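The values are calculated or read from the model by the stated rules, or taken from the named source; none is laboratory data. Only a predicted model underlies this, so the values are computations on that prediction, with no experimental measurement involved. Note: ideal-geometry Cβ built from the backbone for every residue, glycine included; neighbour counts use all protein chains shown.
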Amino acid sequence: MEEETLNSTIDPSCLQEPPLAIEMIRHLDVFGWCLYSLLTVMSCVSLLLYLEQCVYMYKKVSYPKRTTIVWINGAAPVIATMACFGMWIPRAVMITDMTSNCYFAVVVYKVLILMIEELGGSSAFLKRFEGETFRINTGPCCCCCCCLPHVPVSRRLLVILKIGALQYAILKTVLSVVSVVLWTNGNFDLSDLEITGTAIWINPFIGILTITSLWPVGIVFMNTNRFLRSLSIVPKYAMYQLVLVLSQLQTSIINILALDGTIECSPPLSSIARGSMLSQQIMIVEMFVITLVTRFYYRRTYDALPTEVHDISDKMNQVALVEHDV
């Protein structure tokens with residue numbers, strides 16, 4: 001009897017799946033229309049700024065560095081655009097989140113490649129650090145393991161670091177596609193925390209892949225950032241880390257709060273759907289700001305590093321002295 005009374009006081013929409021886009025639009029009031037319009041404009045501006053940045057890069061930067069920079073610059077605009085689609089079409093959140101996460105998985109690998117390319121590429125990288133060793137006690141895996149030995153720089157080490165970052169881009173995409181396929185069949189549900197559920201197995205494994213892919217990027221950054229400070233590598237790396245935290249950790253926290261009922265139902269949205277909606281809206285604002293910041297740091301001409309210029313000038317002076325003696 002008590003259960004029947006409790007169920008009768010709950011709005012039926014709070015127990016249903018996310019509404020259709022047209023149903024969501026019908027429930028918007030004046031404030032809702034203003035909010036949705038503003039967020040849509042912000043996501044569109046982010047995308048337009050990114051497209052203009054792509055044109056600039058293809059004119060000013062040589063291959064392959066321009067491709068890497070275009071990928072990294074697209075992280076915030078792509079996430080903002082997908083969040084906008086998820087905001088207007090609540091039932092598409094699973095697909096939009098998958099697209100954003102797969103794109104960012106590639107960005108993790110591209111950040112590693114960018115630092116190597118800024119040092120002249122793989123061959124120049126190995127030549128510059130020939131005979132040196134790299135510290136590997138960095139986050140997120142081994143930041144507290146000070147006893148770990150330094151590893152000598154070699155071509156094998158560089159390949160291992162690249163594979164460590166690349167595996168996340170590949171496996172994350174594969175697992176995301178599998179998750180969407182299972183979701184369409186009703187076998188993947190984030191709210192299903194039973195041991196027999198697929199989400200309880202796939203999501204932790206993706207978390208492990210994420211940590212293992214961030215470690216190689218952290219190793220390269222920690223050991224090379226002193227050579228790249230003139231190229232603003234520290235704020236660029238900070239923006240990449242910020243996108244990671246906001247798109248992964250923040251979203252996970254909001255979803256957990258929605259699952260345990262902390263985020264209340266608001267018809268026509270259930271608690272879980274409302275949590276996803278809030279996550280999409282917050283993400284658009286955050287990615288819009290990050291798009292402006294990254295545009296400031298990446299929109300420049302990419303000249304050789306000061307050390308490389310110094311080496312070239314020294315060689316030219318030596319050639320001039322030899323010719324003068326002759």
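So the values come out like this:
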| item | result |
| --- | --- |
| Residue within the stretch 51-67 that is aliphatic (A, V, I, L, M), over 30 Å from SER266 (Cα atoms) and touching a Pro at 6+ places or on another chain (Cβ under 9 Å) present | yes |
| Some residue of the stretch 216-229 being assigned to a helix (DSSP H, G or I), surrounded by 13 or more Cβ atoms within 10 Å (Cβ to Cβ), among the aromatic types (Phe, Trp, Tyr) and touching a Phe, Trp or Tyr at 6+ places or on another chain (Cβ under 9 Å) | yes |
| Qualifying residue in the stretch 87-100 (condition: of a type in the set (Ser, Thr, Tyr), in a helix (DSSP H, G or I), out of contact with any Pro (no Cβ under 6 Å at 6 or more places or on another chain) and farther than 18 Å from LEU214 by Cα) | yes |
| Evaluation of ILE200 against (1) modelled with pLDDT under 85; (2) part of a helix (DSSP H, G or I); (3) under 30 Å from ASP29 (Cα atoms); (4) among the aliphatic types (A, V, I, L, M) (one fails), failing number | (3) |
| Failed item in (1) under 21 Å from the mean Cα position of the chain (by Cα); (2) touching a residue at least 60 places away in the same chain (Cβ under 8 Å), with LYS60 passing the rest | (1) |
| Filter pass, ASN187 being out of contact with any Leu (no Cβ under 6 Å at 6 or more places or on another chain), surrounded by fewer than 19 Cβ atoms within 10 Å (Cβ to Cβ) and not in a loop (DSSP other than H, G, I, E, B) | no |
| Residue in the stretch 262-271 that is surrounded by 15 or more Cβ atoms within 10 Å (Cβ to Cβ) and without any contact (Cβ under 8 Å) to a residue 40 or more places away in the chain present | yes |
| Residue pairs meeting the criteria (Cβ under 9 Å; at least 6 apart or on separate chains; first modelled with pLDDT of 90 or more, in the stretch 283-302; second surrounded by fewer than 21 Cβ atoms within 10 Å (Cβ to Cβ) and of a type in the set (Asp, Glu)) | none |
| Selection count where residues are in a helix (DSSP H, G or I), small (Gly, Ala, Ser) and under 23 Å from LEU112 (Cβ atoms), scope the stretch 44-86 | 2 |
| Qualifying positions in the stretch 232-283 - in a loop (DSSP other than H, G, I, E, B) and on the phi < 0 side of the Ramachandran plot | ASP260, THR262, ILE263, GLU264, CYS265, PRO267, PRO268, SER270 |
| Answer from VAL180, VAL107 - the residue that is modelled with pLDDT under 90 and assigned to a helix (DSSP H, G or I) | VAL180 |
| Long-range neighbours under 7 Å by Cβ, at least six apart or interchain, first residue over 15 Å from ASN225 (Cα atoms) within the stretch 116-138, second at pLDDT 85 or above and assigned to a helix (DSSP H, G or I) | SER122/ILE116; SER122/LEU158; LEU126/ARG155; LEU126/LEU158 |
